[in-house]
Amino acid sequence: MRLVFIGPPGIGKGTYASMLSKKYGIPHISTGDIFREEIAKGTELGKKVKEYVEKGLLVPDDIVIEVVRRRLSQPDCRRGFILDGFPRTLRQAEELEKITTIDAAILFEAPLEVIIERVSGRLVCPKCGAVYHIKWRPPKTPGICDVCGSQLVRRKDDEPEVVRRRYELYLQTFTPIIEFYRRKGLLIEIDASREAEEVVADLEHILKQRGILK
């Protein structure tokens, strides 16, 4: 199954993708992860991407499309893949069609207040990267990482006002992409305000009904 995951920041796309990826043995491809990896390695691509990221600019379509084209040509993508964070523009969606065939674009939706509660409750360990949630996955000792004992922090991006702004930006950016997939009959809309297990089970059921998941 070749899937595109769409949804606002904090909706849980990465969680759902990881669950399906483990269960069905297909790669979860996040362009953000690829870029972070390239920056950490100091590759030519990483240096280019870093320039844009440091200026707070979006990485140009040409670079992103080339990165995805290269990733999808690798052997582990033959049985399928989940794209998370791509396409981000209408041009990227159109170019993706030239690279491969998509079985479905999954749109995860939830009320803004649910997203804010999820995201603003998130705590991250700056040292080992472990992620917690005040309500759903609290650390054993409040504010302290279970893994390495460091002080947990809340990312600036996870502040409620920042989440609201990012949500507005998401609506502006993704509405044309959502309509693009809707017109093609590829859009599947999922209520993501529930527990992750329920969301994934619902998605699997729909994919089986459509004959995408055997």
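So, R0 is 22 Å and r is the distance between the beta-carbons of Ile99 and Asp61; what FRET efficiency does that work out to, to 0.05? So the FRET efficiency works out to roughly 0.95. For the chain, adding -39500 (n - 2.57) for each run of n ≥ 4 DSSP H residues and dividing by the number of residues yields -15000 deg cm²/dmol at 222 nm.
Entry note, the range 59-199: relative contact order of 29 percent, from Cα contacts under 8 Å with a spacing of 6+ residues. Pairs of Cα atoms nearer than 8 Å and 6+ residues apart set the relative contact order; for the range 19-118 it is 33 percent. Checking the a/c ratio against 1.5 first, then a/b against b/c, what shape does the Cα gyration tensor give for the range 33-143? It comes out prolate by the Cα gyration axes. Please say if the range 71-198 is rounded, prolate or oblate, where rounded means a/c under 1.5 for a ≥ b ≥ c the square roots of the C-alpha gyration tensor eigenvalues, and otherwise the choice is prolate for a/b larger than b/c and oblate otherwise? The shape class here is prolate.
A simple rule links phi to the HN-Hα coupling: the Karplus curve 6.51 cos²θ - 1.76 cosθ + 1.60 with θ = phi - 60°, which for the range 48-60 gives 4, 4, 4, 4, 5, 4, 5, 8, x, 9, 6, 5, x Hz, with x for Gly and Pro.
Taking the charge dipole of the chain about its Cα centre, with +1 at Lys and Arg Cβ atoms and -1 at Asp and Glu Cβ atoms, the residue from Ile6, Ile82, Val147 reaching farthest to the positive side is Val147. Between the C-alpha center of the range 1-21 and that of the range 57-136 there is a gap of 7 Å.
With a Förster radius of 35 Å applied to the beta-carbon distance between Cys148 and Ala196, the computed FRET efficiency rounds to 0.90.
Cα convex hull, the chain: 137 Å³ per residue, rounded to a whole number. The magnitude of the dipole of the chain, with charges of +1 and -1 set on the Cβ of Lys/Arg and Asp/Glu and taken from the Cα centre, is near 480 debye. Cβ-Cβ distance of Arg155 and Lys41, R₀ of 30 Å, FRET efficiency by 1/(1 + (r/R0)^6): the value works out to about 0.80. Mean sequence separation of contacting Cα pairs (under 8 Å, at least six apart), scaled by the length of the range 6-77, corresponds to a relative contact order of 23 percent.
Bear in mind these aren't lab numbers, they're just calculated from the coordinates by the rules spelled out. From a predicted model like this one, the values you see are computed outputs, not experimental measurements. All Cβ positions, glycine included, derive from the backbone under ideal geometry; neighbour counts span all protein chains shown.
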